[in-house]
1. What percentage of all Cα-Cα pairs in segment 4-145 are separated by more than 19 Å?
2. Could you work out, for segment 3-58, what percent of all Cα-Cα pairs fall into each 10 Å distance bin, beginning at 0 Å and stopping at the bin that holds the largest distance?
3. Mind sorting 38, 64 by how few other Cβ atoms lie within 10 Å of their own Cβ, fewest first?
4. Neighbour counts of other C-beta atoms within 10 Å: give me 138, 20 arranged from fewest to most.
5. For each of 125, 52, count neighbouring Cβ atoms within 10 Å of the residue's Cβ, then give the residues from fewest to most.
6. How much of the DSSP beta bridge set in segment 4-145 is antiparallel, as a percent to the nearest 5?
């Protein structure tokens with residue numbers, strides 16, 4: 001996981017809080033985990049800040065970044081930044097945008113969900129992003145048959161519905177068993193490190 005990320009820009013959208021009208025979207029090609037940030041303007045500097053804040057400091061240094069050939073992605077300083085970290089930058093051609101298919105697919109999901117949720121309140125799209133991302137991260141993906149959340153964190157997510165109507169997992173939760181299982185997992189980690 002987190003070795004190869006696809007990145008793309010979505011927008012322009014109607015102006016929302018902070019004068020934002022674009023999204024930068026990045027998806028891990030293995031787990032299908034999506035990271036998104038709203039932007040007022042598109043620039044290589046903004047892309048670099050996003051990659052540092054949302055990808056590198058959270059998930060580690062990737063092996064490969066796949067993008068289209070937009071100016072924000074082909075900028076010399078951005079490519080020097082990526083090269084300095086040892087990240088290969090693969091640029092798709094205009095004629096074959098499907099090469100960055102995961103990012104394009106994530107874009108479609110985000111757009112579809114935003115349209116469903118917004119109706120006439122077009123300027124509120126940025127406020128809906130957390131819910132859209134939550135829904136995506138908790139939905140099994142057809143290619144993996146797992147949720148991105150489970151692939152990233154190794155456990156199922158506790159959804160708000162479980163608080164009102166407890167699932168089997170929540171109804172039978174015992175803290176002592178949980179602590180014992182955590183100790184076992186930590187022992188496995190120690191053995192793996194040795």
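Throughout, read-outs are computed from the coordinates displayed, never taken from laboratory work. Everything numeric in this text was worked out from a predicted model, so none of it was measured. Note: ideal-geometry Cβ built from the backbone for every residue, glycine included; neighbour counts use all protein chains shown.
1. On the way: 5032 of 10011 pairs.
Counting pairs separated by more than 19 Å, the tail of P(r) holds 50 percent.
2. 24, 53, 21, 2
3. Ordered by Cβ neighbours within 10 Å, fewest first: 64, 38.
4. On the way: 138 15, 20 19.
Ordered from fewest to most neighbouring Cβ atoms within 10 Å, 138, 20 come out as 138, 20.
5. Numbers: 125 24, 52 13.
Listing 125, 52 from fewest to most nearby Cβ atoms yields 52, 125.
6. Numbers: 12 of 19 bridges.
Counting DSSP beta bridges with both partners in segment 4-145, the antiparallel share is about 65 percent.
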